[in-house]
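These notes concern the structure reproduced below.
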Amino acid sequence: MGGSDHDDGRDGQTPPAAAGDMDDFWAQALVDEPQETYVLRLYVVGNSPRSRWAIRNVRKLCDQHLAGRFDLEVHDLNQEPWLAREAQIVAAPTLVREQPLPVQRIIGSLSDIERVLVGLGVPPNPTGDP
């Protein structure tokens, strides 16, 4: 039950811990936390203006709000009609967020960026820039 002869290099002293040290630690830990990758699937029908508009809007949104942390697949239901049943798509264009869970679906041209961000669960840029 006696003390240890092991030298831990502290010379019997414990370094003082300032309250700010822990705040700094947690703030840095949150910054260093890897952000989740968004797995998105956009379902469109053909090369219509509505489909092109939806593709353009989603790519712009991803580049501005999810840069480096998204995986986007675009599916043309004219070319892959079986996907409509598998993914339970009832209208196009439809954007499906597969990850992070829960799965979310947004239907329409996706031109209202704020609505789409809320639907995807993506916080807007803190600077307010689109």
message: Sort 88-98, 44-54 by the packing proxy (mean of other Cβ within 10 Å over each peptide's residues), most packed first.
response: 88-98, 44-54
- prompt: Tally Lys and Arg at +1 and Asp and Glu at -1 over the other residues with C-beta under 15 Å from the C-beta of VAL74: what net charge comes out?
  reply: +1
- prompt: Hey, quick one: spin label on GLU98, modelled 7 Å out along Cα-Cβ, who in the stretch 64-90 has an amide N within reach, i.e. under 12 Å?
  reply: 71-75, 87
statement: Net charge (Lys, Arg +1; Asp, Glu -1) of residues whose beta-carbon lies under 9 Å from that of ARG97, ARG97 excluded, is +1
task: Search the structure for amide H atoms under 5 Å from the amide H of VAL39, placed 1.01 Å from N in the peptide plane, and list their residues when 5 or more places away or on another chain.
output: ASP71, GLU98, GLN99
message: Give me the dipole magnitude in Debye, nearest 20, for the stretch 38-120 about the Cα centre, with unit charges on the beta carbon: positive for Lys and Arg, negative for Asp and Glu.
response: 200
field: Efficiency of FRET between ILE107 and THR37 - r from beta-carbon atoms, R0 30 angstrom, step 0.05
entry: 0.85
message: With the cut-off at 1.5 for a/c, could you classify the stretch 45-85 from its C-alpha gyration tensor as rounded, prolate or oblate?
response: oblate
message: Can you compute the FRET efficiency between ALA67 and ASN47 using 1/(1 + (r/R0)^6), with r the Cβ-Cβ distance and R0 = 22 Å? Round to the nearest 0.05.
response: 0.25
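The numbers here are math on the coordinates, done by the rules we state, and not lab data. Keep in mind the model is a prediction, meaning the values are calculated, not measured. Here the Cβ is made from the backbone with ideal geometry for all residues, glycine too, and neighbour counts use every protein chain on show.
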